[in-house]
Amino acid sequence: DIGKSKVPREILWKNGKLTDEELKIIMKQPEDGANILEDLGFSNVICEMANYHHVRLNNTGYPKPYPKNLHIMVRATMIVDVFSALTQERPYREAVSFKDALDLLMKDRESYDQFLLESFYKFISRCLEKQKYNSEKVFEG
């Protein structure tokens, strides 16, 4: 989300609905991020990750048009970006739990690479199980 550095703070932290003009500015941030990274000499894949992380495989998201064959790192970034956004508090909403974020991702599964989403789901679920197990051990001892 390095492109957000070009978005005015009052838009990023607005507590309420964005105007059409503000939404256009927000929707330009992936392209701005890719341009920043390209200017800094980052690889094409890294620039594509910045540019296309808001694209969805069910033909939604932005920017459009986008390549038919998105690199696996771009497809992984789509999932991680949504998970991160959901689990962080925003001025306009509370953060959701990791479990709820996973459930929301799975509810919208057609938007993402199925193998990557399933792998991410299993990984985070295992981390949550381990965390629960470790916290139970602390309280037992």
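The values are calculated or read from the model by the stated rules, or taken from the named source; none is laboratory data. Just so we're clear, the structure is a prediction, and the values are computed from it rather than from any experiment. For neighbour counting, all protein chains shown are included, and Cβ atoms are generated from backbone atoms with ideal geometry for every residue, glycine included. Heads up: the accessible areas ignore ligands, DNA and RNA and are worked out on the full protein's heavy atoms, side chains in. Shrake-Rupley method; radii C 1.70, N 1.55, O 1.52, S 1.80 Å.
Taking the alpha-carbon distance from residue 99 and a cut-off under 20 Å, which aspartates and glutamates remain once sequence neighbours fewer than 8 residues away in the same chain are dropped?
The reachable aspartates and glutamates, counting only those whose Cα sits under 20 Å from residue 99, are 81, 89, 108, 110, 113, 118, 129, 136.
For a Förster distance of 22 Å, can you work out the FRET efficiency between the beta-carbons of residue 68 and residue 110, rounded to the nearest 0.05?
E between residue 68 and residue 110, to the nearest 0.05, is 0.85.
If I take all pairs of Cα atoms in the chain, what percentage of them are more than 17 Å from each other?
The proportion of pairs with Cα distances above 17 Å equals 67 percent.
Can you work out the accessible area per residue across the chain, with the rest of the protein chains kept in place, probe 1.4 Å, in square angstrom?
Per-residue accessible area for the chain comes out at 68 Å².
Please report the net charge: other residues with Cβ closer than 11 Å to the Cβ of residue 62, K and R +1, D and E -1.
Summing Lys and Arg as +1 and Asp and Glu as -1 gives +3.
What part of the accessible area of the chain, given as a whole %, is carbon or sulfur when the probe is 1.4 angstrom?
The nonpolar share, carbon plus sulfur, comes to 56 percent.
Would you mind checking which residues have amide H under 5 Å from residue 90's amide H? H placed 1.01 Å from N; only 5 or more apart, or other chain.
The list, which skips near neighbours in sequence, is 95.
Taking K and R as +1 and D and E as -1, what net charge do the other residues with C-beta under 15 Å from the C-beta of residue 116 add up to?
Spelling it out: positives minus negatives among the neighbours equals -1.
Keeping all protein chains in position, work out how much accessible area residue 52 exposes to a 1.4 Å probe, and write it in Å² to the nearest 10.
Around 40 Å² of this residue is reachable by solvent.
Can you pull the semi-axes for the range 65-120, root of five times each eigenvalue of the Cα gyration tensor, sorted largest first, whole Å?
Semi-axes from the Cα gyration tensor: 22, 13, 9 Å.
Residue 21 to residue 36: extension gain in nm, 0.36 nm per residue of separation minus the Cα-Cα distance?
3.2 nm
What is the magnitude of the charge dipole of the chain about its Cα centre, with +1 placed on the Cβ of each Lys and Arg, -1 on the Cβ of each Asp and Glu, and no other charges, expressed in debye to the nearest 20?
200 debye
Under 13 Å from the Cβ of residue 102, count the other residues' Cβ atoms, weight Lys and Arg +1, Asp and Glu -1, and hand me the total.
0
Beyond 25 Å between alpha-carbons counts as too far, so tell me which of 4/64; 6/64; 28/68; 4/130; 24/107 fall in that bin.
Listed pairs above 25 Å: 4/130; 24/107.
Rounded to the nearest 500 deg cm²/dmol, what is the calculated helix-only ellipticity per residue at 222 nm for the chain, with -39500 (n - 2.57) per DSSP H run of length n ≥ 4?
-19000 deg cm²/dmol
Once you put a point 7 Å from the Cα of residue 122 and another 7 Å from the Cα of residue 28, both along the Cβ direction, what distance in nm separates them?
Once both label points are built, they end up 4.3 nm from each other.
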